[in-house]
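Worksheet: one structure, shown below.
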Amino acid sequence: MRLIMLGPPGAGKGTQAARVSAAHDVPAISTGDIFRANIKDETPLGLQVKQITASGGYVPDEVTNAIVRDRLGAEDAASGFLLDGYPRTPGQVEALDEMLGGAGHALDAVVELTVDTDEVVQRLLTRAQDQGRADDTEEVIRERMRIYAEETAPLAAVYKERGLLRRVDGMGTVDEVTARIEAVLAPASDQTPG
């Protein structure tokens, strides 16, 4: 399966992506994880990304597209993948369409986790404390949510028009959300050729 997981920061995409990835035997590809690894290793990309994310901004499309293109070219992604945190802009949607079309592939489904904003802010503040993420202040979190609503949420409309969007309530226990995701993916996996 070739999937995208959409949702605002803190919606539980990473947790659910890991579960769906394991259930469908495809790699979960998180642009956030790739960026954080580069920040930790203080690579040139990491230093650039650190400066951008510290202010609550998103990494430019050309940087993100190049990273995703490289990752989708890896052997483990040849028969499928789950993208978490990508695409986030119309330009990234176009780039992904080109990447997939060039390889003769198409998306099977786009799962959008819907959540309550105040609940997500609390989740992220708790995560910041637990994981020592200095970039997760309430001000930065709310700025990311604003940017998501403005720039990324409209992508759901694009995928809805294509018949790929599957909205899932992201509130509740991890197991409840996983069950909801699997329920909406069942028709996509039934139609996906071997």
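For this structure, a couple of remarks:
- Restricting region 52-62 to residues that are in a helix (DSSP H, G or I) and crowded, with 16+ Cβ neighbours inside 10 Å, the residue that is farthest from the chain's Cα centre (by Cα) is Thr53.
- Qualifying residue in region 35-51 (condition: outside any loop (DSSP other than H, G, I, E, B), of a type in the set (Phe, Trp, Tyr), in contact with a helix residue (DSSP H, G or I) (Cβ under 6 Å, 6 or more places away or on another chain) and at negative phi): yes
- Criterion (in contact (Cβ under 8 Å) with a residue 40 or more places away in the chain, touching a helix residue (DSSP H, G or I) at 6+ places or on another chain (Cβ under 6 Å) and of a type in the set (S, T, N, Q)) met by exactly one of Thr178, Thr114: Thr178
- Counted residues, region 1-34 - those being in a helix (DSSP H, G or I) and either crowded, with 22+ Cβ neighbours inside 10 Å or in contact (Cβ under 8 Å) with a residue 12 or more places away in the chain (or both): 14
- Selection of region 77-132 for residues being in a helix (DSSP H, G or I), among the aliphatic types (A, V, I, L, M) and open to solvent by 40 Å² or more (accessible area, probe 1.4 Å) yields only Leu125.
- With respect to the conditions (1) part of a helix (DSSP H, G or I); (2) aliphatic (A, V, I, L, M); (3) open to solvent by less than 60 Å² (accessible area, probe 1.4 Å), Ala149 falls short on a single one, namely (3).
- All conditions in (1) closer than 21 Å to Leu3 by Cβ; (2) in contact with a Leu (Cβ under 6 Å, 6 or more places away or on another chain); (3) open to solvent by 30 Å² or more (accessible area, probe 1.4 Å) hold for Asn38, with the sole exception of (1).
- Residue match in region 157-178 (condition: in contact with a Gly (Cβ under 9 Å, 6 or more places away or on another chain), part of a helix (DSSP H, G or I), within 19 Å of Gly14 (Cα to Cα) and of a type in the set (A, V, I, L, M, F, W, C)): yes
The values are calculated or read from the model by the stated rules, or taken from the named source; none is laboratory data. Please read these numbers as outputs of a predicted model, since none were measured by experiment. All Cβ positions, even for glycine, are placed from backbone atoms using ideal geometry, and neighbour counts span all protein chains on display. Side chains included, ligands, DNA and RNA excluded: accessible areas come from the protein's heavy atoms. Shrake-Rupley method; radii C 1.70, N 1.55, O 1.52, S 1.80 Å.
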